[in-house]
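Some notes on the structure that comes next.
The values are calculated or read from the model by the stated rules, or taken from the named source; none is laboratory data. In this text, all values refer to a predicted model and were calculated from it rather than measured experimentally. Please note: Cβ atoms are built from the backbone with ideal geometry, for glycine as well, and neighbour counts cover all protein chains shown.
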Amino acid sequence: MDERANARRLAVSTAIFSGATGLSRLLGLVREIVVANYFGARGSINAFTIAFQIPNLIRALVADAALSSAFVPVFSELLEKGEKARAWRVASTIFWLFLLVGTGLTALFILIAPWVMKIFGYGGDAVGFARVLHNPMIRPERLVSRLVEETRASAELMRERQAQHDKHLLQDIILSDGLTPVYQPLYNLRTGTVVGYEGLVRPAEAAGFPNASALFVAAEAAGRTVELDLASLETVLAGAKDLDESQYLSVNLSPRSLEAPAFSAYDVLSIARRYGIDATRLVVELTEREEVEDLDKLRAALAALRRHGVRTAADDVGAGNAGLRLLSEVSFDIMKIDLTLVRAGAASESADAVLRALRGLARRQRQTIVAEGVETLEELALVMDLGFDMVQGYLLQRPAPHLAAKTLDFDAFRDVRDADPRAAAGAA
């Protein structure tokens, strides 16, 4: 249905704007001919001009209007929506349409050129006014340049419109509880008990965002990261009322929120207190969605939280240089190793060496080390062999709306793998 609507929109826009632009250009051409005739500024051209220049003029009149007023907006809108296949189908259709119509017009004027010359009373090769047909404003390179510029401007306009749309959606989400909490358990690798949960948020189905990643990307672009972080914190803490007193809750905050002038550790503590969670059972994970801009402010904010008993965690260590740099500049209580490094460590000796080095660093700094994103028995066996403290991942339990994870027997996992080495590959 949408494709037919786009096709109708393209056809109607092309017809209207091509007709209007073409009429305007033709009236201008008639004006130039009349003025040139009045002043005697006549020049001679031959049948070649009729056969090729006139079709080129018609093509330019139609193509210019069609491309700038109809094709460019539709093509750009489809690309912005990520519908590349449909966008290039439209482009292909327009290309072949112009090619066939242009070829047909050229063939037609080649055939009728001699008769056209006779109609206007010219013999030999003297027909018309050469100078009015060689209009530099309709040269192909000018048309291409205009097309590129208008495509860029149209894409920029679409981005601005999408940004405004996302701002309104974000405002609705932040003010009207448009977030849903989910919790993924963290297990003690030695005992198999659930020692805590990482609280995450998902946009509600009607919120207008497909997933949490898209939501936070839009918040960053709109400058609303701080508001969304605080709304997420409220949502996660509100849903954790069944958290056992022996367990902790881990929440995510971005550097931008911690660096903000309006940030206060007391805001985080008051929200936690409101939902009955003591500061000593709260862990703030520093995410790397945005780069650190003011390291001093970040350190001060984290230090304020730690003074009140809140522990801090470096998230996604090993995902890039930023996480490793933060480890050298900021003091953390917990080091969370990114899933990509865990996955690589199970298949690569060099990555395994990096994991061992990070484990050694965590031991020297008396940090708890956590393996994130464990999805296979082989990865689980690796982090157990390395002596990591805690683990989380889809192999053990996916994020769920309730705090109901059970104790696991990690020795049983190891026995399954040792009994049949192919089990690790099958679990992947």
Within region 298-338, residues being at pLDDT below 90, part of a helix (DSSP H, G or I) and not hydrophobic (A, V, I, L, M, F, W, C) number 5
If you scan region 339-355, which residues turn out to be surrounded by 13 or more Cβ atoms within 10 Å (Cβ to Cβ) and part of a helix (DSSP H, G or I)? Leu339, Thr340, Leu341, Val342, Arg343, Ala344, Gly345, Ala351, Asp352, Val354, Leu355
Some residue of region 203-213 being part of a strand (DSSP E or B) and at pLDDT 90 or above: yes
Residue pairs within 6 Å by beta carbon, gap of at least six or interchain, first lying in region 343-354 and modelled with pLDDT under 75, second of a type outside the set (Phe, Trp, Tyr), listed first then second, are Ala344/Ala351; Gly345/Ala351; Gly345/Asp352; Gly345/Leu355; Gly345/Leu382; Ala346/Glu378; Ala346/Glu379; Ala346/Leu382
Taking Arg274 and the conditions (1) within 24 Å of Tyr187 (Cα to Cα); (2) surrounded by fewer than 20 Cβ atoms within 10 Å (Cβ to Cβ); (3) at pLDDT 90 or above, which numbered condition does it fall short on, given that it satisfies the others? (1)
